[in-house]
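Data first, discussion second: the structure below is written as structure tokens.
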Amino acid sequence: MGFKLFLLLEKLLMILPKKFRKGFFTLLGILAYYISSRYRNVAFKNLDFAFDNKISEKEKIAITKYSFKNLLYNFLHLMEIRHMSKEDLTSKVTIHNIEAVKDAHKEGRPVVYVTPHYSAWELGGSSIGAFIEPIAAVFKKMKNQQYQKWLLESRAKFGNSSLEKSNVIKPLIKLMKSGKGCGIVIDTSINKREGVEVTFLGKIVRQTSTPAYLARKYNGVIIPITIRTDDDENYTLILFDEIKVEKTNNEQADIQKATQLQADWLSTLITKEPKFWFWVHRRFKNEYPEIYKKDQ
């Protein structure tokens, strides 16, 4: 019953003017900031921890408010993408440095796109599929299967597919061998079995080593990719230059180095424009659980 009401709301919102839809989700973001004290505090603690308590209270509040609003905008984008044409997407998103992928394709090498939860990540994923190449993106299984189906349908609108995180290595290897691209999020909290230690925002954390492993093993190219905006209306999809993976006699060291380079890239990105990262997420919970102890 609840999901049917949600679909009815979607239908109603898509009939109404775009300005109204955006205003509605902006209001939801503002309400979420004030109502959800738990996640508001998570964001504050993340900011204090990442910036060693050097960020002002005013900045923390502004960044956290934007983080809530941005989450709701991503939800809005998922809804709108389901009803978009490629021309609609073209009017919203421009691409910077597509040559990085073209160079990889000229060499016949598959691309591993690494990306964070940053700015309009749902628009970014759809734009890769629409304008660059269809990719298989790794996702974490959700409890609500109806909503998961809705979400994955949106993500598939422009040719992308999805791979559930558990037991994903074999499907990813198959993709690499066939020369197809994949997308892997690198900024989520993971356990000790799933990655290697890196320095991220000045802190020692675990990060997935899968992109480095795949690129090294199957002659792939790691391309960091993100999206940003100046007005929450027009977006730039930015492809960065290849993160090279060495292939010496020490596989573990090669993977470690390439994974650290990805963490360095992301640290620089977040430090430069912190408001775009998704701070309402307990990224450091596995290594530093004490910073969230009041939010368990």
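The values are calculated or read from the model by the stated rules, or taken from the named source; none is laboratory data. Just so we're clear, the structure is a prediction, and the values are computed from it rather than from any experiment. Note: ideal-geometry Cβ built from the backbone for every residue, glycine included; neighbour counts use all protein chains shown.
Among the residues of this structure, residue 248 counts as one that is outside any strand (DSSP E or B) and among the polar types (S, T, N, Q).
Taking first residues from the stretch 128-139 that are crowded, with 17+ Cβ neighbours inside 10 Å and partners that are aromatic (Phe, Trp, Tyr) and part of a loop (DSSP other than H, G, I, E, B), the Cβ contacts under 7 Å between residues at least 6 apart in sequence or on separate chains come to 129/158; 130/158. Could you tell me whether the stretch 82-94 includes any residue that is touching a Lys or Arg at 6+ places or on another chain (Cβ under 7 Å), in a helix (DSSP H, G or I) and modelled with pLDDT of 95 or more? The answer is no; no qualifying residue exists. Within the stretch 206-233, the set of residues being over 18 Å from the mean Cα position of the chain (by Cα) and either buried (at least 22 other Cβ atoms within 10 Å of the Cβ) or outside any helix (DSSP H, G or I) (or both) comprises 213, 214, 215, 218, 219, 220, 221, 230, 231, 233. Cβ separations smaller than 7 Å between residues 6+ apart or across chains give the following pairs from the stretch 98-109 residues that are within 13 Å of residue 220 (Cα to Cα) to residues that are polar (S, T, N, Q): 109/219. Of all residue pairs spaced 6 or more apart or on separate chains, those with beta-carbon atoms under 9 Å, a first member in the stretch 31-56 that is closer than 25 Å to residue 199 by Cβ and a second member that is of a type in the set (A, V, I, L, M) and outside any helix (DSSP H, G or I) are 42/280; 43/280; 46/280; 47/55; 48/55; 49/201; 50/201; 51/201. Listed by first and then second residue, the pairs with beta-carbon distance under 8 Å, at least 6 apart or on different chains, first residue in the stretch 260-280 and touching a residue at least 24 places away in the same chain (Cβ under 8 Å) and more than 19 Å from residue 230 (Cα to Cα), second small (Gly, Ala, Ser) and not in a helix (DSSP H, G or I), are 267/202. Is it true that some residue in the stretch 26-40 is loosely packed, with under 13 Cβ neighbours inside 10 Å, more than 25 Å from the chain's Cα centre (by Cα), under 29 Å from residue 267 (Cα atoms) and not charged (D, E, K, R)? Checked against the condition, which is being loosely packed, with under 13 Cβ neighbours inside 10 Å, more than 25 Å from the chain's Cα centre (by Cα), under 29 Å from residue 267 (Cα atoms) and not charged (D, E, K, R), the stretch 26-40 yields no hits at all. Test of understanding: among 186, 190, which residue is closer than 28 Å to residue 74 by Cα and touching a Lys or Arg at 6+ places or on another chain (Cβ under 9 Å)? After ruling out the rest, the residue left standing is 190. Residues in the stretch 158-170 that are under 16 Å from residue 212 (Cα atoms) and either touching a helix residue (DSSP H, G or I) at 6+ places or on another chain (Cβ under 7 Å) or in a helix (DSSP H, G or I) (or both): 169, 170.
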